[in-house]
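Worksheet for the structure shown next.
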Amino acid sequence: MSLFKRYLDESNVVTKTSTIEIQELPMLTKSKEFWAIEAGLHNYMLEELKKYPVQSKEEEKLKLEEIARQYFEQEGVRLTFEEKQEVLDYVKDELLAYGPITPLLGNPLISEVMVNSFDEIYYETNGKIVKSNVNFIDNQHVMRVIERIVSPIGRRVDESSPMVDARLPDGSRVNAIIPPLAIKGPSLTIRKFSDTPFTIKDLIQFDTLSDEMAKFLDICVKARVNIFISGGTGSGKTSTLNVLSSFIPNDERIVTIEDAAELRLNQDHIVSLESRPANIEGKGEITIRDLVRNSLRMRPDRIVVGEVRGAEALDMLQAMNTGHDGSLSTGHANSPRDILSRLETMVLMAGFELPIRAIREQIAGAIDLIVHQSRLKDGTRKITHITEVLGMEGDTIVLQDLYIFKETGFSDDGKIVGKFISTGIRPKFTEQLEKNGYSLPASWFMGEW
């Protein structure tokens with residue numbers, strides 16, 4: 001068994017305690033002889049593959065193993081079987097995957113991989129950031145992996161365009177930034193997504209929300225309530241948006257709009273749109289705002305915007321206010337009140353000198369419910385507020401919390417202990433839900449106060 005395979009197997013160890021730990025092997029030190037053989041096999045495979053065009057990834061893997069056997073018969077006689085397998089695994093990761101970070105990306109316990117520089121790689125597991133023992137050879141090695149990620153989806157990264165957002169085939173989100181902006185060398189951040197999208201049962205199991213909150217949100221989505229999901233970076237907004245979008249009935253036409261397509265919905269009638277950066281001449285850019293405006297002419301039943309972060313906020317609010325009920329979106333904010341302030345700022349970015357009161361009236365009329373998600377100090381992600389937008393009172397938008405997460409202390413292993421509670425207030429739009437055939441049991445709103 002190769003060191004890379006052993007690394008992947010051993011890094012998948014789950015302890016019997018509630019805390020998941022990833023165990024890494026010590027730093028793999030490789031001799032000049034290893035790199036010489038690896039480089040020779042790498043070049044030999046590249047030349048041989050040109051002679052044998054393959055049709056699928058599986059065929060390519062089999063062909064690589066066949067070519068490796070041929071190479072080792074000539075050049076690798078002094079290597080043991082394990083050493084040959086290690087070299088082959090390394091080269092396969094280079095040619096078919098993402099080099100040294102492939103085992104980290106293949107590990108289901110790792111949620112994020114962060115390459116600060118070629119010899120400084122971190123990963124996140126169970127909400128904690130850990131330094132990895134793997135590394136790239138040099139900065140050019142990192143650049144080759146970045147280019148392999150961005151090229152298939154028509155993105156580019158070079159000195160004239162040193163930042164890029166992209167995605168892996170499984171939907172994982174990728175951000176890369178290179179010199180001269182990144183001082184230490186090319187930097188790569190990959191937010192992994194599960195092979196199978198989370199369901200509402202998963203979020204309840206993870207204690208992200210309570211069963212009553214889940215049922216309430218299910219009804220709100222089906223009854224076409226406009227919902228905005230807010231939260232900080234890494235709080236799980238996109239996963240929650242994916243789950244809430246799954247509640248949309250299958251007979252409705254859904255248009256999704258994203259910077260890099262991440263949402264994975266199971267409904268039949270879906271149109272997925274993705275923004276496009278400018279080309280090398282600085283032309284051809286298609287922004288989220290362009291896509292939101294275009295989506296209004298696509299006869300959507302639902303508009304789902306992956307994240308609102310700029311002038312598209314104005315178009316999104318206008319869509320919500322002009323008959324496109326049941327729209328969903330996310331945005332960065334530290335609290336439900338904070339997302340309203342951020343939306344005001346984003347509307348002003350559209351370039352129109354609108355009075356603040358007019359903007360607030362747009363927001364209050366468009367958004368019915370704010371679902372705020374937080375990543376707590378212990379790394380867990382929880383929906384800490386489900387807040388209703390009641391309307392305007394003077395120049396202020398009035399909010400009322402329907403559900404909150406109340407912290408009560410810490411467990412012995414350092415985890416935050418708390419409970420989801422109702423504030424005892426029924427939503428103002430209860431009548432709208434009832435008109436759509438949904439009733440809210442009184443037991444869901446048995447508050448402590």
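Computed from the coordinates by the stated procedures, all read-outs in this text should not be read as laboratory data. The model shown is predicted, which means the values in this text are computed figures rather than measured ones. A quick note on method: Cβ atoms are made from the backbone with ideal geometry, for glycine too, and the neighbour counts reach across all protein chains shown.
Miscellaneous remarks
- Most to least packed among 391-398, 365-372, 259-266 [average Cβ atoms within 10 Å]: 365-372, 259-266, 391-398
- Full extension of the chain between N279 and A39 yields a length gain of 83.0 nm, computed as 0.36 nm times the residue separation minus the alpha carbon distance.
- Cα-Cα separations in the chain greater than 32 Å, expressed as whole percent: 47 percent
- Efficiency of FRET between M446 and E65 - r from beta-carbon atoms, R0 41 angstrom, step 0.05: 0.05
- Legend: distances between Cα atoms for K50/K92; K222/K419; K382/K415; K201/K406; K237/K382; pairs beyond 19 Å are K222/K419; K201/K406.
- Modelled spin labels at S439 and I204, positioned 7 Å past Cα toward Cβ, are 2.0 nm from each other.
- Taking the C-alpha atoms only, the angle from helix 32-51 to the longest principal axis of the chain is near 80 degrees.
- Quarter of the Cα convex hull surface for segment 310-449, i.e. its orientation-mean projected area (nm²): 10.2 nm²
- FRET efficiency for the Q74 to L109 pair, using the beta carbon distance and R₀ = 35 Å, is estimated at 0.30.
- Taking label positions 7 Å along the Cα-Cβ direction at both D211 and D395, the computed distance is 4.8 nm, reported to one decimal.
- Förster radius 22 Å - calculated FRET efficiency between T196 and S151 (Cβ-Cβ, nearest 0.05): 0.25
- With Rh defined as the Kirkwood radius, the inverse of the mean 1/r over Cα pairs, the Rg/Rh of segment 115-188 is 0.97.
- Magnitude of the charge dipole, the chain, Cβ model with Lys/Arg +1 and Asp/Glu -1, debye to 20: 560 debye
- Principal axis extents of the Cα atoms in segment 202-263, from largest to smallest and rounded to whole angstrom, are 31, 27, 19.
- Seen from a random direction on average, the alpha-carbon convex hull of segment 32-191 projects onto 10.6 square nanometres.
- 5 Å-binned pair-distance histogram of segment 408-449 (Cα, whole percent): 6, 19, 17, 15, 13, 10, 8, 7, 5, 1
- Taking amide H as placed 1.01 Å from N in the peptide plane, the amide H of K415 sits under 5 Å from none that are at least 5 places away or on another chain.
- Segment 200-444 has equivalent-ellipsoid semi-axes of 28, 21, 20 Å, by the square roots of 5 times the alpha carbon gyration tensor eigenvalues, sorted largest first.
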